[in-house]
Amino acid sequence: LPGFFPYTLTRIAAQHELIPTPTALPKCTLRKRWFLAKSIVRLVPTLPEPVATLHALYGSCRSEFPGNDEACQMSSAFMASFGDCGAPDDAVRVLKDSGKARYMKQLETLAGVLATAGRVAKAMALLRTIEAGGIQVTLQDGRVRCARARASTYIRVIKGFVKAGLLQPAFMVEAMMNTKLGSVGRKRDIEVTEGLRALERQHDLTE
């Protein structure tokens with residue numbers, strides 16, 4: 001895992017003011033090292049029988065991470081990993097398990113998972129519900145408000161549709177983003193733009 005875990009471990013060392021020497025990790029609780037646990041969860045799809053492994057990890061982690069920012073980070077990682085394993089229904093269950101204390105990142109992750117899985121109707125329904133402010137989310141300071149679609153919300157869904165090879169839904173979401181956010185929406189990341197155009201060229205060649 002060149003570069004991946006060293007980066008994560010460096011962040012751990014910085015947060016806990018540790019001397020970065022090749023000694024054993026301090027006996028911190030898993031909760032204090034949630035970003036390491038998150039990285040591990042995101043690697044599970046590369047393992048044999050990843051869905052079963054994710055189920056086992058998810059069951060044990062639910063007791064470790066109560067409803068707070070750590071829970072948001074971990075649940076988003078589980079949703080993304082279930083999506084990578086082609087198990088979007090499990091990703092939906094993770095969000096449902098979050099109860100009413102949902103974070104915007106969780107909604108965006110699930111919308112992207114549904115789009116990647118080709119669940120066009122469900123992904124668009126969730127996106128439109130977010131746009132309409134029909135879901136309450138918890139802010140980092142604990143306050144609750146109606147969800148507001150932001151650039152990252154649309155980008156996550158566009159990336160999902162591009163990955164699934166679904167041209168029309170991807171352009172539909174792009175149009176929604178530009179209508180809702182204007183110039184801010186057009187400042188999307190390069191990966192989205194290149195992915196859309198590559199998918200468009202591929203679609204033109206097959207016609």
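Quick look at the values:
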| read-out | value |
| --- | --- |
| Qualifying residue in the range 145-160 (condition: small (G, A, S), in contact with an Asp or Glu (Cβ under 8 Å, 6 or more places away or on another chain) and farther than 26 Å from Y58 by Cα) | yes |
| The range 117-147: number of residues that are of a type outside the set (A, V, I, L, M), outside any loop (DSSP other than H, G, I, E, B) and open to solvent by 50 Å² or more (accessible area, probe 1.4 Å) | 7 |
| Complete set of residues in the range 148-161 that are within 16 Å of the chain's Cα centre (by Cα) and over 17 Å from G86 (Cβ atoms) | A149, R150, A151, S152, T153, Y154, I155, R156, V157, I158 |
| Output for the range 96-109, where each listed residue is open to solvent by less than 10 Å² (accessible area, probe 1.4 Å) and free of Cβ contacts under 8 Å to residues at least 40 places away in the same chain | Q106 |
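Residues checked against (1) of a type outside the set (A, V, I, L, M, F, W, C); (2) within 26 Å of R143 (Cβ to Cβ); (3) modelled with pLDDT of 85 or more; (4) under 18 Å from the mean Cα position of the chain (by Cα):
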position: P6; (1), (2), (3), (4): yes, no, no, no
position: K32; (1), (2), (3), (4): yes, yes, no, no
position: H55; (1), (2), (3), (4): yes, no, yes, yes
position: D69; (1), (2), (3), (4): yes, yes, no, yes
position: G86; (1), (2), (3), (4): yes, no, yes, yes
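The values are calculated or read from the model by the stated rules, or taken from the named source; none is laboratory data. Fair warning: this is a prediction, and the values are worked out from it, not measured in the lab. Note that we place each Cβ from the backbone using ideal geometry, even for glycine, and neighbour counts take in every protein chain shown. Areas reflect the complete protein model, heavy atoms only, side chains present, ligands, DNA and RNA absent. Shrake-Rupley method; radii C 1.70, N 1.55, O 1.52, S 1.80 Å.
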